Amino acid sequence: MNRARETVDVPIWQVPIFLAILLLQAGTHADEPEGSELRPVRFAVTADCHLMARSTPANERHLRAFVDEMTRWKPDFVIDLGDFACQAGEGQTTPELHDAQLQGLVHHWSALSEVPCPAYLAIGNHDVGWLEGGNETIGPADLYAGAHGGEDVTKNEFLAVTRMPGRYYSFDVRACHFIVLDADNARDTRAPPPGHDGIAGAYYVDGDQMTWLREDLASHREQLKVVFSHQELHHTPPEGSGEGGDAPFPPVGKEHSYVDNGWQVREMLRSDGSVLACFFGHKHRNRWTVHGGVHYVTLAATHWGGSYAEVTISDKLYVRGRANQREYALRLPSAVPK
């Protein structure tokens, strides 16, 4: 097991007012007695389970072990960051591949739904297929017809099975606001030139979603926020980037596999002033960077030995790693926006 811990002490006088209220209401210990109202916000995060129909029994064992552990830990919610129920085989979409992936999604979502708390999903590139993305309405036949992004079921089918609020959405847990993004979209050709981070990213947060995100941040200005996305919002070269964090990163490849307009999203999060962290999957290996005072944490893949994170928000952001997931204790935002 290879774990690293980053600890940053924050004096209580530096904690903003809305976080002080959270601490007074929620307490600062990760394991308060069952039934206590004085609990921190706790959630667990998996990513890249890579459950391919029913042909990956080892990966399914990791999922079921996670569900068993959550039954013991009893978090406020769990979230998977995408590439959950993947395609059943390679190649152009066919009715057989479509049906196999859809049946696999039903089966594995049923297993994850056994956790004793709300369960959420972000959409990964191996979870769905799309033509242009955004708010397009397509059916399986559109995926049979030719090349497309992603895999063998549509976003609408994915949402129908999992009953997620939408392809992007947000929700509250006590004093905290959580935002889930969908970057499985084609790049808008009317947007600024690609490659702001030095290399053109393969994914995109579409215009309607950007408008929604701007409004969602503004309407929850005084709340501490956490963002989830399958793909990273930044290019992460092996030598590292940003204002701090892990370096060097493991050379996992996928240099183009990030959100091309993620720099615009990062600027929105920086300007908000109360965004604590963003969590990602997709790269399958640990990495942590800091941009604009916001922590960006990429998780080890759950299919890599059953890795996942148990996260607690109290006086710090505590990321407790399981299996190959690194551990962190990260500082909270130092000020609220005016």
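Using the count of nearby Cβ atoms within 10 Å as a rough guide to exposure, how do ILE79, ILE138, ILE123 rank from fewest to most? Numbers along the way, then the final one.
On the way: ILE79 23, ILE138 18, ILE123 27.
Going from least to most buried by this count: ILE138, ILE79, ILE123.
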(request) With label points built 7 Å along Cα→Cβ from the Cα atoms of SER219 and VAL106, find their separation and express it in nm. (result) 3.4
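Which semi-axis lengths, in whole Å and largest first, follow from the square roots of five times the eigenvalues of the Cα gyration tensor of region 188-320? Numbers along the way, then the final one.
Numbers: eigenvalues 98, 85, 34 Å².
Each semi-axis is the square root of five times an eigenvalue, giving 22, 21, 13 Å.
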(request) Return the subset of LYS74/LYS155; LYS155/LYS283; LYS155/LYS254 for which the Cα-Cα distance in this structure is over 26 Å, preserving the input order. (result) LYS74/LYS155
(request) Quick one: pull the percentage of alpha-carbon pairs in region 83-203 with a separation above 20 Å. (result) 48
(request) List every residue whose amide H lies under 5 Å from the amide H of THR154, counting only residues 5 or more places away in sequence or on a different chain, with H placed 1.01 Å from N in the peptide plane. (result) GLY129
(message) 5 Å is the cut-off here: which amide hydrogens, built 1.01 Å from N in the peptide plane, fall below it relative to LEU121, excluding neighbours closer than 5 in sequence?
(response) ASP80
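Take every Cα pair under 8 Å in region 191-338 that's 6+ residues apart, average their separations, divide by the length, and report that relative contact order as a whole percent. Don't jump to the answer; show the numbers that get you there.
Working: 294 pairs, mean separation 31.5, N = 148.
Relative CO of region 191-338 lands at 21 percent.
Taking the Cβ of each residue in TYR168, TYR328 as the centre, tally the other Cβ atoms inside 10 Å and list the residues starting with the fewest. Let's see the in-between values first.
Numbers: TYR168 22, TYR328 26.
Placing the least packed residue first, the sequence is TYR168, TYR328.
Of SER314, SER271, SER229, how do they rank once you tally other Cβ atoms within 10 Å and put the fewest first? Intermediate results must be reported in sequence, preceding the final value.
Numbers: SER314 19, SER271 12, SER229 29.
Final ranking by Cβ density, sparse to dense: SER271, SER314, SER229.
Can you tell me the equivalent ellipsoid semi-axes for region 34-122? Use √(5λ) from the Cα gyration tensor, largest first, whole Å. Provide the component values of the computation, followed by the final result.
Details: eigenvalues 176, 26, 19 Å².
Ellipsoid semi-axes (Å, largest first): 30, 12, 10.
The numbers here are math on the coordinates, done by the rules we state, and not lab data. The model shown is predicted, which means the values in this text are computed figures rather than measured ones. Virtual Cβ from ideal backbone geometry, glycine too; neighbours counted across all protein chains shown.
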